[in-house]
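Encoded as structure tokens, the structure appears first; notes follow it.
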């Protein structure tokens, strides 16, 4: 295969490849956080009913750890939603480490952008067919 042929592929291919690469990076980061930092994050949120319930309910499998990471992510990235319901302790969320909070918020925003692009691409294919 010639390198010129690879570099002259349509822009849609490079856009799709870039989106898939970003999704791969998010998945690798999620698995890393689920296995290396999840217990620390749950300890910092020990007064939050939402986090303690999910820890007991979902267990320690890979699926359970990923769901528990999503619960911690929603607790930290969108605290106003859960504070209104009374399932999150406001002080613990405010005391959560700023760097880790930014990573979780970035992953949430990245997931929203990824889903928006995937839905828009699906609608584009559906309408252009």
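Observations on the structure shown:
- Between 0 and 90°, nearest 10: helix 62-77 axis offset from the chain longest Cα axis: 80
- Value of relative contact order over the stretch 32-103, rounded to a whole percent, pairs C-alpha under 8 Å and six or more apart: 35
- The chain: most fluctuating residue of 84, 55, 101 per GNM, C-alpha cutoff 10 Å: 84
- Using a Förster distance of 35 Å, the FRET efficiency for residue 90-residue 57 (Cβ separation, nearest 0.05): 0.90
- Gyration tensor verdict on the stretch 53-107 (Cα atoms; rounded if a/c is under 1.5, prolate if a/b is larger than b/c, oblate otherwise): oblate
- Using a simple spin-label model with pseudo-atoms 7 Å out from Cα toward Cβ, residue 78 and residue 98 lie 2.5 nm apart.
- Added length on full extension, which subtracts the Cα-Cα distance from 0.36 nm per residue, residue 116 to residue 14: 34.9 nm
- Sorting the segments 10-16, 94-100 by their residues' average number of neighbouring beta-carbon atoms within 10 angstrom, most packed first, yields 94-100, 10-16.
- Measuring between their Cα centroids, the stretch 92-129 and the stretch 19-36 lie 13 Å from each other.
- Kirkwood Rh and Cα Rg combined as Rg over Rh, evaluated for the chain: 1.11
- The chain, helix-only ellipticity at 222 nm - DSSP H runs n ≥ 4, -39,500 (n - 2.57), divided by all residues, nearest 500: -26500 deg cm²/dmol
- For the residues 43, 108, 52, a GNM of the chain with alpha-carbon springs under 10 Å puts the largest fluctuation on 43.
- Treating r as the C-beta distance of residue 3 and residue 37 and R0 as 30 Å, the FRET efficiency rounds to 0.15.
A short reminder: the numbers here are calculations on the coordinates, not readings from a lab. Because the structure is a prediction, the values reported are computed rather than measured. Using ideal geometry, Cβ is built from the backbone for each residue, glycine included, and neighbour counts are taken over all protein chains shown.
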